[in-house]
Structure formats: C-alpha cells, structure tokens
Amino acid sequence: MSAAPAPAIRIAGLRKAFAGHCAVDGVDLDIAEGELFCLLGASGCGKSTLLRLVAGLETPDAGRVLIDGVDVTSTPPWHRPVNLMFQSYALFPHLSVARNVAFGLERAGLPRAEVRERVAAMLELVRLQGLGERRPHQLSGGQRQRVALARALARRPRVLLLDEPLAALDRKLREATQFELTRLQRTLGTTFVIVTHDQHEALSLASRVGIMDAGRLVQVDRPETVYERPVNAFVADFVGAANLLAGTVRGREGDTLVIETAGATVRVIGAMSPTPGTAVKLLLRPEQLTIGDTAPVSHNRLGGTLTAAAYGGDRWRYAVAIGDGLTLTVSEPNAVHPAHGALAPGAAVTVSWAPAVGRVLDA
Ligand SMILES: Nc1ncnc2c1ncn2[C@@H]1O[C@H](COP(=O)(O)OP(=O)(O)OP(=O)(O)O)[C@@H](O)[C@H]1O
Ligand SMILES: [Mg+2]
C-alpha cells in the first residue's frame, strides 16, 4: 500500500499581520495536485497576502507552507516551484510578445534553442501563434491577458498562483477566457490557485472554492456546496443573490422543520433540528421562488406586493414586498412564464417555493 500523495500545497496555521492588523489570520488549507482552486472574498480580506505568502514574497509571522510535501517556509521565492501572476499583470511594453514570454526563461539561463521552442509551444497553448512579434499595445485586452498567462506558465511551475487574472476584461471576454483557463489547466495538469472577487467566476471555474472573510477561511467546498449549502449567512450572501428571512423554529413534523417567518408558517424538508424557539435564518435563492398561484398545495406561500420588475433578457427579476419592510427577490426564466412581464408594480402577488429547497442557517 502506498501512502496518499502529499498535497500540492499545504498551508498550516499561516498568520501575517501588517502594523498590528491581521491580514491572514490562521489559515489551514490543503490543495491537491491538479486542482483549480478559487479564493473568493471581499476587497481587503487577505487574498493577495495569502498568495504572496505561498509564493514567498511575504514572510509569515507564524505557520508553514509546504509544496509537494516539502517545507518551503524559509525558501526564497525564486527557489519555490511556484509562479505568481500579479493582480496587475504588467507586460513589458517595449518587448515583443515572444520576448515577454521568454523573459523568465532567459533569466533562468536556458539555452536559446530551448527558449525559442518553449515560447512557441506556450504561444500555441494560449492560441497566440503568429503574434509573437507584436508589441503588447497591438493586442486586445484578452490577448494581453493570455500573453501574461503564457509568461507565467513558461517556466513550468508546479503551482501557478493567479491574482485576479481576468479583472481587466469585459464580461464577454471574461467568460471566453474562463473557458480558456480551465482548458489550459486541464491540458497542463498544473495546480492553479486563482484569486477573484467575482463569485460567478469562482463558481464556474473552480474544483473547490475557499471563501475568505477578514483573514480567515470561512468555508472550503465544491462550488455547488458553497452555493447550495453555505455554512452561514455571510457565505450565502457572498456567493450569490440571497433572500435571508429571520424566523423562529416552531417544531418538527417527521423530517420537516416548521418555521414561522414573515408572519407565515413555512416548512423546510431535511433541515437540521434546532430546538423549538430557536431563532434561525431561512435562505431562499431568487431562482427557487415562483410568482403566481399555480404551485402545488404542499408548497410554501407568502403574499406580497410587486414593487419592481426588471427584464434581464433570459430572466425576469421581481422585487416583492412581504411586509415588515422585507423584500424578496424572485428570478424566473422568461421562457417559463413569459406573461409575467405584464405584471405591473403594485399588483398583489403570491410567492411560492417547494419545501425541499429552503436552507436553514444559524441566525
Ligand atoms: N504591505 C502591506 N502593508 C500594510 N498593509 C498591507 C500590506 N499588504 C496588505 N495590507 C493590508 O492587509 C489587508 C489584506 O490585503 P490584501 O491585499 O491581501 O487584500 P485582498 O483580499 O487581496 O484585497 P483586493 O481584493 O482589494 O485585492 C488589507 O487590509 C491591506 O490594507
Ligand atoms: Mg488583492
């Protein structure tokens, strides 16, 4: 029997403070070889600092970093099998695309023929073959981004750390480049750690997502798990649109939890079982809600007043005031209920949802 392989990256008890402010506050995390791991969190929560600690550009106050089972905590950055693509991926404007990609290889003293060969292979990998002689300013934003990626990959790091690699791109280009990134990552099998503050990007790219808040990792799970089973209201709200209703547990009926919320009694199947009287938050995603009275009788219902309807191309988004100053957001595909576009603000509506979809979180 062979032992389990060492994780590509092991972060243990990592801590880093700047002038008394804890930027990274006790992070433990294993990332397996070949993973595409996304770090997600609000501005200033410590994402870049964590990457810089892994790359060796910051020295931790406490804790260790292991790459492939080797402790690199005191190894200088240039001796770590890691490459960091910075938040502002500065290309050298006066160098051609090919020379930009060759830069790290030349500095590492690789023979010229090998540099040429690797640059050509990298440009092909990021689909920029034929553009090697151009300067960065003669490229589109997406092409520049791919040059930066080729440069970061050229030295064949075991681990590639990418700090907001797609932030400078517009939405369409971002989505195209997301597919390109996952294709590259699968082709090379390199372990990628990508920092982003865009939850859609994290959910669509990652094998696992780590959500950071104030220097700590709050949840580390597969994208579907963080979206559908967030550990708390912060994560729920951060990884997508969330209706969070304050409620009180009234009791249990078999596998169903009975909750009083927004002046109504609602049921949640398969929820954890806090004692009656406990204050909870009920998470309902906008796409889990339906407007109209056609739902089965077993579904939960809340009455309200439509206050806004916004057409979004593929979907309608509705705001429904349900009393006590509470508003629910509902998102429905317009192909399902095209007539809903005719609903005028001010109309009395019923919002319904299946008892299986709600999530009960600690208040
Ligand atoms: N060199 C430094 N000196 C002092 N404080 C720093 C330094 N680097 C980072 N910080 C502080 O540490 C905290 C975390 O910063 P970090 O750059 O890791 O955040 P981030 O999550 O990457 O944010 P963003 O999404 O805006 O890039 C912030 O409060 C920041 O001001
Ligand atoms: Mg940052």
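Any read-out appearing in this document is the output of simple, stated calculations on the displayed coordinates, not a laboratory observation. Keep in mind that this is a model prediction, so the values were computed, not measured. Glycine gets a Cβ as well: all are built from the backbone with ideal geometry, and neighbour counts include every protein chain shown.
Using only DSSP helix segments of four residues or longer, with each worth -39500 (n - 2.57), what per-residue ellipticity at 222 nm results for the chain after dividing by its residue count and rounding to 500? Write out the running numbers ahead of the final one.
Values: 8 runs with 85 residues, N = 363.
Mean residue ellipticity at 222 nm (helix-derived): -7000 deg cm²/dmol.
Along the principal axes of its C-alpha atoms, what lengths does the chain span, in descending order and rounded to whole Å?
Taking max minus min along each principal axis of the Cα atoms, the chain gives 74, 48, 45 Å.
Among all the lysines, which ones have a C-alpha under 22 Å from Lys16's C-alpha, if same-chain residues fewer than 8 places away are not counted?
Lys47
Could you work out the relative contact order of region 290-339? I mean the mean sequence separation of Cα pairs under 8 Å and 6+ apart, divided by the number of residues, in percent.
Numbers: 63 pairs, mean separation 14.8, N = 50.
Relative contact order for region 290-339 comes out at 30 percent.
Of all DSSP beta bridges located in the chain, what percent are antiparallel, nearest 5?
Numbers: 63 of 82 bridges.
Bridges in the chain are about 75 percent antiparallel.
How much net charge surrounds Ile31 when only the other residues with a Cβ under 10 Å from the Cβ of Ile31 are counted, with Lys and Arg +1 and Asp and Glu -1? Intermediate values should be presented prior to the final figure.
On the way: positive: Arg10, Arg208; negative: Asp30, Glu33, Glu35.
So the surrounding residues net to -1.
Give the aspartates and glutamates whose C-alpha is closer than 17 Å to that of Lys172, dropping any in the same chain fewer than 8 places away, or say none.
Qualifying aspartates and glutamates at Cα under 17 Å: Glu164, Glu180, Asp198, Glu201, Asp314.
Arrange Thr265, Thr275, Thr49 by Cβ neighbour counts within 10 Å, fewest through most, would you? Please report the intermediate quantities before stating the final value.
Values: Thr265 11, Thr275 8, Thr49 23.
Arranged by neighbour count, lowest to highest, Thr265, Thr275, Thr49 become Thr275, Thr265, Thr49.
Points 7 angstrom from Cα along the Cβ direction at Ala241 and Arg107: gap in nanometres?
Distance between the two pseudo-spin positions: 4.5 nm.
I'm a student and want to see the number: the projected area of the Cα convex hull of region 241-362, averaged over all directions, in nm². Don't skip to the end; give the middle numbers.
Working: hull surface 29.0 nm².
So the Cα hull casts an average projection of 7.3 nm².
Relative contact order for region 176-242: what is it in percent, counting Cα pairs under 8 Å that are at least 6 residues apart?
Contact order relative to length: 22 percent.
What does the charge dipole of region 92-222 about its Cα centre add up to, to the nearest 20 debye, if the Cβ of each Lys and Arg holds +1 and the Cβ of each Asp and Glu holds -1? It would help to have the intermediate numbers written out before the result.
Working: 22 positive and 14 negative charges, 83 e Å.
Rounded to the nearest 20 debye, it is 400 debye.
Go ahead and run the numbers for FRET between Asp255 and Ala214, Cβ-Cβ distance against an R0 of 41 Å, rounding to 0.05. Present the calculation step by step, with values, prior to reporting the outcome.
On the way: r = 36 Å, r/R0 = 0.88.
Efficiency, from the Cβ-Cβ distance: 0.70.
Relative contact order for region 9-237: what percent, with Cα pairs under 8 Å and sequence separation of 6 or more? Don't skip to the end; give the middle numbers.
Numbers: 429 pairs, mean separation 65.0, N = 229.
Relative contact order of region 9-237: 28 percent.
Fewest first, what order do Asp362, Asp213 take by the number of other Cβ atoms within 10 Å? Provide the component values of the computation, followed by the final result.
On the way: Asp362 12, Asp213 18.
Final ranking by Cβ density, sparse to dense: Asp362, Asp213.
Residues with beta-carbon under 13 Å from that of Ser298, excluding Ser298: net charge, scoring Lys, Arg +1 and Asp, Glu -1?
On the way: positive: Arg267, Arg301; negative: Glu253.
Within the 13 Å Cβ shell, the charges total +1.
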